[in-house]
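Undergrad: Dumping the structure here so I can ask a few things about it.
Nothing in this text is a laboratory measurement; each read-out follows from the coordinates by a stated rule. The structure presented is a predicted model; accordingly, all values stated were derived computationally and were not measured. All Cβ positions, glycine included, derive from the backbone under ideal geometry; neighbour counts span all protein chains shown.
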Amino acid sequence: MSESVDVPIIAPEVPRYAHPGDAGADLVSTETVLLQPGQRSLVGTGVSIALPEGFVAFVVPRSGLAAKHGITVVNSPGTVDAGYRGEIKVALLNTDATEAYEITIGDRIAQLVVMAIPRVQFLPVTTLPDSARGAGGFGSTGYQTGSMK
């Protein structure tokens with residue numbers, strides 16, 4: 001089992017992990033919002049945290065909301081830096097073309113994933129070491145496997 005990290009929090013409802021071993025803890029809405037098809041809204045959670053230096057929190061969509069209702073996080077993952085102390089709000093988008101979706105107070109709307117992030121030092125060079133992928137960009141490895149092309 002990995003070591004736990006204490007994160008001071010102010011919240012009407014502390015994020016909870018639904019199952020042992022889950023990476024994301026559920027964030028819940030503190031407001032009622034009706035998302036029309038194609039509409040986005042910044043939804044409050046009432047959560048403010050103080051991450052330790054060397055950590056980041058990512059706000060990510062809930063798979064059930066995305067699969068069943070087309071509700072996703074616009075800027076996924078939303079990044080919460082260690083120095084941020086304001087309320088974590090979730091930029092939700094209704095991708096369903098025809099159905100509105102109502103979010104009510106207490107609904108689980110996103111997940112919060114906290115991770116250790118090493119501080120890197122960028123080293124300017126004139127060439128990069130070779131790799132199997134090389135400079136291939138988006139889609140350069142294809143999207144199908146086997147003999148299908």
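Undergrad: Of the residues Thr72, Thr45, Thr32, which single one is out of contact with any Pro (no Cβ under 6 Å at 6 or more places or on another chain), β-branched (Val, Ile, Thr) and closer than 13 Å to Ala110 by Cβ?
TA: Working: Thr72 fails: out of contact with any Pro (no Cβ under 6 Å at 6 or more places or on another chain); Thr32 fails: closer than 13 Å to Ala110 by Cβ.
Criteria check complete, one pass: Thr45.
Undergrad: Now a separate question. Regarding Ala82, is this residue at negative phi, in contact with an Asp or Glu (Cβ under 9 Å, 6 or more places away or on another chain) and not in a strand (DSSP E or B)?
TA: Against the criterion (at negative phi, in contact with an Asp or Glu (Cβ under 9 Å, 6 or more places away or on another chain) and not in a strand (DSSP E or B)), Ala82 qualifies.
Undergrad: Then there's this: Output the strands (runs of 3 or more DSSP E) that fall wholly within region 6-61 and possess 1 or more residues being acidic (Asp, Glu), or say none.
TA: It comes to 25-28.
Undergrad: Of all the residues that make up region 62-106, how many are of a type outside the set (S, T, N, Q), under 17 Å from the mean Cα position of the chain (by Cα) and more than 25 Å from Pro8 (Cβ to Cβ)?
TA: So the answer is 9.
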